[in-house]
1. Nearest 10 degrees is fine. How inclined is helix 83-116 to the longest principal axis of the chain, computing both from alpha carbons?
2. What share of all Cα pairs of region 10-116, in percent, falls into each consecutive 10 Å distance bin?
3. Quick one: dipole size for the chain, taken about the Cα centre, charges +1 on Lys/Arg Cβ and -1 on Asp/Glu Cβ, in debye to the nearest 20.
4. Tell me the angle of helix 10-78 to the major Cα principal axis of the chain, expressed in degrees between 0 and 90 and rounded to the nearest ten.
5. Sketch the reach of a paramagnetic label on GLU85 as a point 7 Å from Cα along Cα-to-Cβ, and name the residues of region 53-75 whose backbone nitrogen lies under 18 Å away.
6. Do any trypsin sites (Lys or Arg not before Pro) in region 1-81 lie in a DSSP loop with no more than 16 other beta carbon atoms within 10 Å, and if so, which?
7. Report the one residue of SER110, ALA26, THR91 whose Cα lies farthest in the direction of the positive end of the charge dipole of the chain (charges on C-beta: Lys and Arg +1, Asp and Glu -1; origin at the Cα centre).
8. In deg cm²/dmol, rounded to 500, what helix-only [θ] at 222 nm does the chain give when every DSSP H run of at least 4 residues adds -39500 (n - 2.57) and the total is split over its residues?
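Nothing in this text is a laboratory measurement; each read-out follows from the coordinates by a stated rule. These numbers come from a predicted model, not from an experiment. Here the Cβ positions follow ideal geometry from the backbone for every residue, glycine too, while neighbour counts run over all protein chains shown.
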Amino acid sequence: MTTQTFEIPTEMRDFAEKSVDQARNAVGTLMSNALKAAEQAQSSSQTFQSTMQAAVAKGFDHAQTNANATFDFAQKLVRSKDLREAFELQTEFVRSQIAALQAQAKDFGSLAQNAAR
């Protein structure tokens, strides 16, 4: 009894070997890109977190400033001698608070622009 051996043609082996190499390279590229994406996501997350921490701290600073201004105004108001003086104090307070709120909005705008970068 003679057994015949089946040989895979050289061209087919070369093609299969190239296919395996291409698949290996494709998976390597995919893994490399996935790692880069994960690193970028982590970096973005850290940037977002630090920006949020800065915004919260800035918010507390502004809240403290606004509270102090309000208490200062209230203290001046209760010491006012007449309605004219009380009205002037009120007008001054409103003007200063509008200016403060504009400056505070600008601060938050700067934080938002930095976060967008």
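1. 10
2. Histogramming region 10-116 at 10 Å steps yields 12, 22, 16, 13, 11, 9, 7, 5, 4, 2, 0 percent.
3. Using Cβ point charges on Lys, Arg, Asp and Glu, the chain gives about 560 debye.
4. Tilt of helix 10-78: around 10 degrees.
5. Hits in region 53-75 for GLU85 at 18 Å: 72-75.
6. Loop-located and lightly packed - ARG79, LYS81.
7. With unit charges placed on the Cβ atoms, the residue in question is THR91.
8. The helix-only estimate for the chain comes to -33000 deg cm²/dmol at 222 nm.
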